[in-house]
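We did not get these values from a lab; they are worked out from the coordinates using the rules stated. Just so we're clear, the structure is a prediction, and the values are computed from it rather than from any experiment. As a convention, Cβ positions derive from the backbone with ideal geometry for all residues, glycine included, and neighbour counts pool all protein chains shown.
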Amino acid sequence: MKNKKEKVYNLDDIHDHSIDVENRIIYLHSILEHEDVGIDYRVAASFLKNICLLSNLNKDPIIIIQNTIGGSWFDGMSIFDAISNCDCKVLYVATGEVASLGSILLQAKNCVRMTTKNSTWCIHEGSLDISGSCKQSRSIYEMQVLATERMYNIYADRCIYAPYHIGSTKEKVINFIRAQLSKKEDWYLSAEEAVKYGFADIIITTLDRKGLINVSRNMSLY
């Protein structure tokens, strides 16, 4: 009877709190009961609690499984920093839609960046809605410019290690990404292209914990 209750509690944790403590998995997606706005303050708050919990339990690898349209820059950066500062190795799996902010989060320094075969990536500079006084609007615009430059630097810090960019400087990698986005508002990539250009490390064919750890065993973090 006790074991049955434990399984129920574990299932509740997975669906209600997006965490599987036993297998050290965090699920990253929108709040399911509401309109899909992507990563927001609620998702970020839940994620921060979950990654701190798993990190404090032990230092075994943590798996993140993500499917998201993107979301808030500010809330996303709190997740990005939490992953970058985590003491555990992070196996980050991108599946389904890997769009906007969702493609940035994988670039955190502690991550082995994995993507499923039929995932679709979308890289873009994001959108901006401005309201308020002229001075407020100008401040918001200037903040967005800084965030966009930060985005290019985050991408380039990881993409530069891809074979496609061998011999390139960080500035050249930034210019390459910027050139793609100057041609189109949204740059869509297949999983193969995401790996080719350095946004992901490997395409995976399993979501099993042991399988993911085995895949990542000989992969370097940079």
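Values computed for the structure shown
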read-out	value
FRET E, pair SER72, LYS183, Förster distance 45 Å, beta-carbon r, rounded to 0.05	0.95
HN-Hα J in Hz across the range 171-181 - Karplus 6.51, -1.76, 1.60, θ = phi - 60°, x for Gly and Pro	4, 5, 5, 4, 5, 5, 5, 4, 5, 5, 6
Ordering of 148-154, 61-67 by burial proxy (mean other Cβ atoms within 10 Å per residue, highest first)	61-67, 148-154
The range 87-139 versus the range 53-68: alpha-carbon centroid distance in Å	18
Debye log10 I(q)/I(0) for the chain, one point scatterer per Cα, at q = 0.07, 0.12, 0.13 Å⁻¹	-0.23, -0.66, -0.77
Residues with amide H under 5 Å from that of ALA200, placed H, sequence gap 5 or more	VAL195
Taking the convex hull of Cα positions in the range 1-116, its mean projected area over all directions (nm²)	7.1
Computed lengthening from GLU193 to GLU171, 0.36 nm per intervening residue step minus Cα-Cα distance	5.9 nm
Mean residue ellipticity (222 nm) of the chain, computed from DSSP H runs ≥ 4 via -39,500 (n - 2.57), nearest 500	-15000 deg cm²/dmol
